[in-house]
Amino acid sequence: MGAQESLKVDILSVVCALLLLSYSASNGDCAVLRPNDNSDLLSLLDFKQAITKDPTRVLSSWNRSVHFCRWKGVTCTPDTDSIPQRQRRVAALQLSAQSLEGHISPSLGNLTSLVALNLSTNSLTGQLPPLCAHLRKLQVLDLSNNLLQGIIPDGISNCSELRKLDLYGNSLHGSVPKEIGLLSRLSVLELSLNNFTGIVPETLGNLSSLEILHITDNLLVGSIPSQLGRLSKIMYFLLGGNRLSGRIPISLFNHAHATTRFFCCLSLDELTTMVDR
């Protein structure tokens, strides 16, 4: 066989191989992963690797033999004709009350289509990782009832779509970040039962959508900022169990009309006057 004929055979072999790959990629049963899929897969596997105990075996289905959209606790973007399974992204990770131990892998911050992250009521330890750099779509971040330590990382305002931020019942410390006041869509802020120090940031008064504000049982000092009187949608306002002094802005009570369930709770011994007159 001449060199020219040999070259033709090689080219034909390459073309055939490409056609075969193209057919496999279009097959609905194929597990071929696109770059975004691969990123989500690796992020989830990194999270699994950081878990040291999984007594309920909720992560037992997390392996490469099935697409990650079928893993327990994982919800993906819809499977449609325009977005087949192999292109779907992780939209929610919900693993609450599974008795998981270990730490939260920062790789979860690479799940750029994530809307909800709920790892509440486990025994997760370590620092709260900076997750918000790329989670522009995140609406729910619930890490309550764990054993997390450290501070709330910088960049929380990058999660600009957040509706619920729940860090209740951990061992977080440091100040309550002022930049939380930039989360204009936030309706639930739950930071109770931690070790936060410093003052109540006046920037929280910018949270025009806020309905629930719970920062009880921390080590906060100072007075209640008058700016909180701008919280026109507030229904539950709890700051008790701190070291606060001063007066409650009377404008808060102006929002407690008949259609709300306004409830204010502060310890009597931490306020000199209950209502600012």
Practice item. Would you check if there is a residue in the stretch 119-140 being under 22 Å from residue 39 (Cβ atoms), of a type in the set (S, T, N, Q) and touching a residue at least 60 places away in the same chain (Cβ under 8 Å)? Key: no
Check your understanding: Taking the condition on the phi > 0 side of the Ramachandran plot, at pLDDT 95 or above and assigned to a loop (DSSP other than H, G, I, E, B), does residue 99 pass?
Key -> yes
Exercise for review: Mind counting the residues in the stretch 157-166 that are open to solvent by 10 Å² or more (accessible area, probe 1.4 Å) and within 22 Å of residue 125 (Cβ to Cβ)?
Suggested key: 1
Review point. For the stretch 167-194, what are the residues that are open to solvent by 30 Å² or more (accessible area, probe 1.4 Å) and within 15 Å of residue 126 (Cα to Cα)?
Key: 171, 173
Study note, to complete from the structure: The strands (runs of 3 or more DSSP E) lying entirely within the stretch 137-217 that contain at least 2 residues which are closer than 22 Å to residue 249 by Cα are 188-190, 195-198, 212-214
**Study point:** Pick from the stretch 195-223, criterion in contact (Cβ under 8 Å) with a residue 40 or more places away in the chain and open to solvent by less than 10 Å² (accessible area, probe 1.4 Å), ranking: nearest to residue 155 (Cα to Cα)
**Key:** 200
Revision key, fill the gap. By residue number, the members of the stretch 224-237 that are among the polar types (S, T, N, Q) and open to solvent by less than 10 Å² (accessible area, probe 1.4 Å) are none
Revision key, fill the gap. Pairs returned, first residue in the stretch 98-118 that is open to solvent by 20 Å² or more (accessible area, probe 1.4 Å), second residue that is modelled with pLDDT under 95 and outside any helix (DSSP H, G or I), beta-carbon separation under 6 angstrom, 6 or more apart or interchain, are 106/129; 112/134
Exercise for review: Answer yes or no: is there a residue in the stretch 120-139 that is open to solvent by 70 Å² or more (accessible area, probe 1.4 Å), farther than 29 Å from residue 234 by Cα and over 12 Å from the mean Cα position of the chain (by Cα).
Suggested key: yes
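Matching residues to (1) in contact with a strand residue (DSSP E or B) (Cβ under 8 Å, 6 or more places away or on another chain); (2) over 27 Å from residue 241 (Cβ atoms):
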{"residue": "116", "(1), (2)": "yes, yes"}
{"residue": "136", "(1), (2)": "no, yes"}
{"residue": "139", "(1), (2)": "yes, yes"}
{"residue": "147", "(1), (2)": "yes, no"}
{"residue": "158", "(1), (2)": "no, yes"}
{"residue": "164", "(1), (2)": "yes, no"}
Practice item. Take the stretch 114-149 and flag every residue that is at pLDDT below 95 and small (Gly, Ala, Ser). Key: 133
**Study point:** Long-range neighbours under 8 Å by Cβ, at least six apart or interchain, first residue under 18 Å from residue 210 (Cβ atoms) within the stretch 244-260, second open to solvent by 50 Å² or more (accessible area, probe 1.4 Å) and modelled with pLDDT under 70
**Key:** 248/274; 248/276; 249/276
Exercise for review: Filter the stretch 154-183 for residues that are among the hydroxyl-bearing types (Ser, Thr, Tyr) and under 16 Å from the mean Cα position of the chain (by Cα) and give the result.
Suggested key: 157, 160, 168
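The values are calculated or read from the model by the stated rules, or taken from the named source; none is laboratory data. Fair warning: this is a prediction, and the values are worked out from it, not measured in the lab. Note that we place each Cβ from the backbone using ideal geometry, even for glycine, and neighbour counts take in every protein chain shown. Keep in mind that these areas ignore ligands, DNA and RNA; they rest on the heavy atoms of the full protein, side chains included. Shrake-Rupley method; radii C 1.70, N 1.55, O 1.52, S 1.80 Å.
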